[in-house]
Amino acid sequence: MNRKIVLGAIVLASTVLAGCASNSRVDAIESKVDGISGQLTAISGQLDAALGEAKRANDRLDNMQKKSYVK
């Protein structure tokens, strides 16, 4: 029940604020959000690559330790 009231307040506030904003400001904000989304996608890809390299390095270290214990 409380969530519905909060959600309704958010929708009402965003509607009121959207009425006050000009189209050019909304377009500018939309453009910035799209740019940030693209940057986030690029960073996510870089993070996945770095995590893969770290996992590979850890596996190599584990294999080196296993070989030294066998001798």
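Computed quantities for the displayed model
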quantity	calculated
Condition met for Leu51 (modelled with pLDDT under 75 and surrounded by 10 or more Cβ atoms within 10 Å (Cβ to Cβ))	no
Per-region count, region 12-37, residues modelled with pLDDT of 90 or more and not charged (D, E, K, R)	5
Flag if Ile5 is loosely packed, with under 10 Cβ neighbours inside 10 Å, among the hydrophobic types (A, V, I, L, M, F, W, C), in a helix (DSSP H, G or I) and at pLDDT 75 or above	yes
Matching residues in region 54-71 - criterion: being modelled with pLDDT under 90 and either in contact with a strand residue (DSSP E or B) (Cβ under 8 Å, 6 or more places away or on another chain) or of a type outside the set (Gly, Ala, Ser) (or both)	Leu61, Asp62, Asn63, Met64, Gln65, Lys66, Lys67, Tyr69, Val70, Lys71
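The values are calculated or read from the model by the stated rules, or taken from the named source; none is laboratory data. Worth saying up front: this structure is predicted, and the values here are computed from it rather than measured. FYI the Cβ positions are ideal-geometry reconstructions off the backbone, even for glycines, and counts take in every protein chain you see.
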